[in-house]
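Read-outs throughout are calculated quantities, based only on the coordinates presented, and are distinct from any laboratory measurement. None of these values were measured; they are calculated from a predicted model. Note: ideal-geometry Cβ built from the backbone for every residue, glycine included; neighbour counts use all protein chains shown.
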């Protein structure tokens, strides 16, 4: 259950096939009681805009856990709804926080995810 060995993930497939539920269950298995502290689930299609999503990601990724060691997990649902600009911004955030954070992007259409993000993930 070592989250540190986890690669960045890209989950894709038709709507309603359990992608998000699977990832949340995996996070619970990996982190146990610490899963709420170590996991952030965001919907990328949030109508508050990528600025808000970006701030939440940055804050969560950059916050040091006092007692929790290990790698945090950010689950980004509906990643294919992000604009290309937002995806490029996300790529920079991923690169900056790779040491202590893993990203799992979930989408229906992998073709809408920019190659620069796809190449950083295990499918």
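For the reader, a short list of remarks on this structure follows.
- Here the peptides 71-82, 7-18 are ranked by packing, the mean other Cβ count within 10 Å, and the order with the highest first is 71-82, 7-18.
- The calculated 222 nm mean residue ellipticity attributable to helices in the chain amounts to -11500 deg cm²/dmol, summing -39500 (n - 2.57) over DSSP H runs of n ≥ 4 and dividing by all residues.
- Along each principal axis, taking the top coordinate minus the bottom one, the Cα set of the chain gives 38, 29, 26 Å in descending order.
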